[in-house]
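The block underneath contains the structure these notes are about, expressed in structure tokens.
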């Protein structure tokens, strides 16, 4: 069985591999025109091994929903300090994994921290958006992916160090350098994320990405899912 990627909405995904079921930024609050209604509600989740949260913004993290899923499934929760702080006392300490690398200087690559968990090996990179923002490299025996979160500057990531990727999840932020980043990484597949309903419509009409960049990187490897849709490798 190959890995299956399902878009929950905004930057939220469920990744099912033969080794683990992983959620990232999947339990969030909708914002009209920014983040649509999640395609999966927390109360419907029966299986999860790992829940990752990039940062504590409303459209990426709802503490009550994360706690509900983690209690029901026994999943570990990984996030920066602001996320973990909201879950302390709600979930057992052994279920919480704080990864908050030191913020890098104005130059040089983003710093990282690693956690080796039963479900996957997680490397968190302190990337550039809000206080305590992580991008994640996630490695299981059968599937390897990088979720860039809301990172506004991909030039601060060492693409060579990230290595081979089965999947890259990335938002096309203006000024972030995402086109060059995708071409350097050359993932097997790359997934657009953080699109509004209007941007999905523009993308399907073939106007969204051409308005943002002079060329679309690796177009034959691009996957765009609407909430609730899946892609199986």
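Choose one answer from 200, 191, 208: the residue with the largest mean-square fluctuation in a GNM of the chain with alpha-carbon springs under 10 Å.
Looking only at 200, 191, 208, the largest GNM fluctuation is found for 208.
At residue 90 and residue 204, where each label point lies 7 Å from the Cα along Cα→Cβ, what is the point-to-point distance in nanometres?
3.4 nm
Which of 88, 139, 204 ends up with the largest GNM mean-square fluctuation for the chain, with Cα atoms connected below 10 Å?
Looking only at 88, 139, 204, the biggest GNM fluctuation is shown by 204.
Which value in deg cm²/dmol, rounded to the nearest 500, describes the helix-derived mean residue ellipticity at 222 nm for the chain, given -39,500 (n - 2.57) per DSSP H run of n ≥ 4 and division by the residue count?
Numbers: 6 runs with 43 residues, N = 233.
Result for the chain: -4500 deg cm²/dmol, rounded to the nearest 500.
Assuming R0 = 22 Å, can you tell me the calculated FRET efficiency for the pair residue 188 and residue 19, based on Cβ-Cβ distance, to the nearest 0.05? Intermediate values should be presented prior to the final figure.
On the way: r = 17 Å, r/R0 = 0.79.
So, using R0 = 22 Å, E works out to roughly 0.80.
For the stretch 12-52 and the stretch 180-197, what is the separation of their Cα centres, given in Å?
19 Å
Return a whole-number percent for the relative contact order of the stretch 1-94, with Cα pairs under 8 Å and 6 or more residues apart as the contact set.
On the way: 186 pairs, mean separation 21.9, N = 94.
Result for the stretch 1-94 is 23 percent.
Specify the residue with the greatest mean-square fluctuation among 168, 209, 111, computed from a Gaussian network of the chain linking alpha-carbon atoms under 10 Å apart.
Of 168, 209, 111, the Gaussian network model singles out 209 as fluctuating most.
Return a whole-number percent for the relative contact order of the stretch 80-199, with Cα pairs under 8 Å and 6 or more residues apart as the contact set.
Working: 218 pairs, mean separation 19.5, N = 120.
Over the stretch 80-199, the number comes to 16 percent.
How high is the relative contact order of the chain, in percent, counting Cα pairs under 8 Å that sit 6 or more residues apart? Display every interim value, and only then the final one.
Values: 531 pairs, mean separation 42.1, N = 233.
Relative contact order for the chain comes out at 18 percent.
Every number here is computed from the coordinates shown, using simple stated rules; none is lab data. Bear in mind the structure is a predicted one, so any value in this text is a computation, not a measurement. Ideal geometry is used to build each Cβ from the backbone, glycine not excepted, and the neighbour counts take in all protein chains shown.
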